Amino acid sequence: MKLSSAKLVVEALRKNEVPFIGVLPDGWLFEAYQLVCEDPYFKVVQVTHEGEGVSICAGAWAGGLRSAMMMENSGLRAAAEALGRLYCYPVLLLMSYRGDFGDSAHFGRPIGRTTEPILDALEIPYAVVRKEEEIAKSIQEAVKTLDTAHGPVALLFTGETIR
Amino acid sequence: MKRIDCLKILAPMIQNELVVVTLGVTKHEWEMINPRDGNCYLSGMGGTTPFGFGLALALPHRKVVVLDSDGSFLFGLNHLATLAVHKPQNLSVFIFDNECYESVGGSPSQTARGVDLAAMARGAGIENAITVRELDEFRDAAQKGVKENGLRFTVVKIEPWIAEVPARYYHLLEERNRFARYVEQTENISVLRPSKIPRRDPSKWKPTK
């Protein structure tokens, strides 16, 4: 992720009061991960599996903290069982969108091809964020949806936010 | 040792602790013995202890007690690493280990074949990880687990046995709301974050056709 984009993501998470962050390290979101670790506003937990991360975030929400899970979109498949079971527990999924248009990695498309169908199957509202100027508003609206839909919500970062 | 007898010992020790309970028979037996709004019932394998861990991190001043099972815990065994790294001091995990998938017919789990969950927890770095096999041992572990600070991980070896429990309707959303309101009331915080209702002035309404 561009450092400028990562700063916008972290600033928006703080502004919209999302203090609890689960992370499974991801190459595209690496800069955002570093920034939340450096910022004492955030409680950051590195997890070992995205499904575990979703369950941890759900528990943090029940304790009064809005929570987000930073991960690669491949982790959506790993997290699907937890997301399906905990369908009424809000967690903001902040994912890189591997396999979207313009991804130069050969392994990207096999990851990306199932991302949106899985979000649709799990009835998770989501938006694709391709431009830096969309970041602040996307996170603000995602948090509003989190609070009203009372379930998981996803943002997929790609395009000019990454390269 | 039966799970129901352990739960009967544990119940009077619980006051304002938050109790996160795994799916299956454990949930039904605990609800029969100790129905209270501070119980959080989950469905799904592998998520119970991670959920309790997240809750404990969010409310570090509040004791969280997790009632999990061998089958469910094995499903998300990787969580031991995260749990051991953070060691929330307000979390006490009980794994009721009947060495089988009792709720779905009784097929043996891997703990019936020598897998030692307490040893694995110690290997991950959780010092207070023990196995108890007798009710007196459980009573001691429960007292420490509920009343003392420090991460505790207690494997409770039980025989397969399902108590007769009354029929009760469970819906995750209802359970979530009941528990969330208990947390809101006892912590004086907002969990459910209700939407603000916009106020409108009827005198400014224009007639419509």
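Going from the chain on its own to the full set of protein chains, the stretch A:111-154 has these residues losing 40 Å² or more of accessible surface (heavy atoms, 1.4 Å probe, no ligands, DNA or RNA): A:His150. With the Cα gyration tensor of the stretch B:1-111 giving a ≥ b ≥ c as the square roots of its eigenvalues, does the rule (a/c under 1.5 for rounded; else a/b larger than b/c for prolate; else oblate) give rounded, prolate or oblate? In terms of gyration-tensor shape, oblate. To the nearest ten degrees, helix B:135-147 and the longest principal axis of the Cα atoms of chain B are 40 degrees apart.
On a C-alpha basis, how far is the centre of the stretch A:14-62 from the centre of the stretch B:30-58 in Å? Whole number, if you could? That distance is 21 Å.
The portion of the accessible surface of the stretch A:36-95 made up by carbon and sulfur, rounded to a whole percent, is 50 (1.4 Å probe; DNA, RNA and ligands excluded). Label separation (B:Ala163 vs A:Lys2): 6.1 nm, computed from points 7 Å beyond Cα along the C-beta direction. Rounded to the nearest 20 debye, the dipole magnitude of the protein assembly as shown is 1260 debye, with +1 charges on Lys and Arg beta carbons, -1 on Asp and Glu beta carbons, and the Cα centre as origin. Our Cα-only numbers for the protein assembly as shown put the radius of gyration and Dmax at 21.8, 77 Å.
The GluC sites (Glu not before Pro) of the stretch B:65-159 that meet both conditions, a loop assignment by DSSP and at most 16 other Cβ atoms within 10 Å of the site Cβ, are B:Glu127, B:Glu134, B:Glu148.
Here's the picture: charge each Lys and Arg Cβ at +1 and each Asp and Glu Cβ at -1 in the protein assembly as shown, and of B:Met13, B:Val66, B:His171 the one pushed furthest to the positive end of that dipole is B:His171.
Just check the stretch A:1-50 against the gyration tensor rule for me: Cα atoms, a ≥ b ≥ c as the square roots of the eigenvalues, rounded for a/c under 1.5, and otherwise prolate or oblate depending on whether a/b exceeds b/c. Oblate. Amide H contacts of A:Val45: A:Ile21, A:Gly22, A:Val23, each under 5 Å away and 5 or more positions distant or on a separate chain (H built 1.01 Å from N in the peptide plane; Pro and chain starts excluded). Filter the cross-link list A:Lys7/A:Lys144; B:Lys87/B:Lys196; B:Lys27/B:Lys63; A:Lys43/B:Lys2 down to pairs whose alpha-carbon distance in this structure exceeds 29 Å. Long pairs (Cα-Cα over 29 Å): B:Lys87/B:Lys196; A:Lys43/B:Lys2. Nearest 0.05, what FRET efficiency do A:Gln34 and B:His171 give at R0 = 45 Å with Cβ-Cβ as r? Efficiency, rounded to the nearest 0.05: 0.65.
Buried accessible surface for the B/A chain pair comes to about 2400 Å², total over both chains, computed with a 1.4 Å probe. Considering only A:Phe20, A:Phe30, A:Phe107, the mean-square fluctuation computed in a Gaussian network model of chain A, springs between alpha carbons under 10 angstrom, is largest for A:Phe107. FRET efficiency for the pair A:Asp120 and B:Trp205, taken as 1/(1 + (r/R0)^6) with r the Cβ-Cβ distance and R0 = 45 Å, rounds to 0.70. Summing charges over neighbours of B:Gly114, with a neighbour being any other residue whose Cβ is under 14 Å away from its Cβ, gives -2 when K and R count +1 and D and E count -1. Placing a label point 7 Å from the Cα of B:Arg133 along the Cα-to-Cβ direction, the residues of the stretch B:1-29 whose backbone N falls under 12 Å of that point are B:1. The relative contact order of chain B comes to 23 percent, based on Cα pairs under 8 Å that sit 6 or more residues apart. Is chain A rounded, prolate or oblate when judged by the Cα gyration tensor, a ≥ b ≥ c being the square roots of its eigenvalues, rounded requiring a/c under 1.5 and prolate requiring a/b larger than b/c? Since a/c stays below 1.5, the shape of chain A is classed as rounded. Per-residue ellipticity at 222 nm computed for chain A from its helices equals -13500 deg cm²/dmol, with DSSP H segments shorter than 4 residues left out and the rest contributing -39,500 (n - 2.57). In straight-distance terms, cross-link reach from A:Lys2 covers every one of the aspartates and glutamates whose alpha-carbon lies under 12 Å from its own, apart from those fewer than eight places away in the same chain; here that gives A:Glu31, A:Glu132, A:Glu160. Here the stretch A:111-151 yields Rg over Rh of 1.02, to two decimals, using C-alpha coordinates and the Kirkwood radius.
Calculated mean residue ellipticity at 222 nm for chain B: -11000 deg cm²/dmol, from DSSP H runs with n ≥ 4 weighted as -39500 (n - 2.57), summed, divided by the residue count and rounded to 500. Across the stretch B:166-209, counting alpha-carbon atoms alone, Rg and Dmax equal 18.9, 57 Å. The value of relative contact order for chain A, using C-alpha pairs under 8 Å at least six residues apart, is 25 percent.
The values are calculated or read from the model by the stated rules, or taken from the named source; none is laboratory data. This is a predicted model, so every value here is computed, not measured. Glycine also receives a Cβ, built like all others from the backbone with ideal geometry; neighbour counts cover every protein chain displayed. Accessible surface areas use protein heavy atoms only, side chains included; no ligands, DNA or RNA. Shrake-Rupley method; radii C 1.70, N 1.55, O 1.52, S 1.80 Å.
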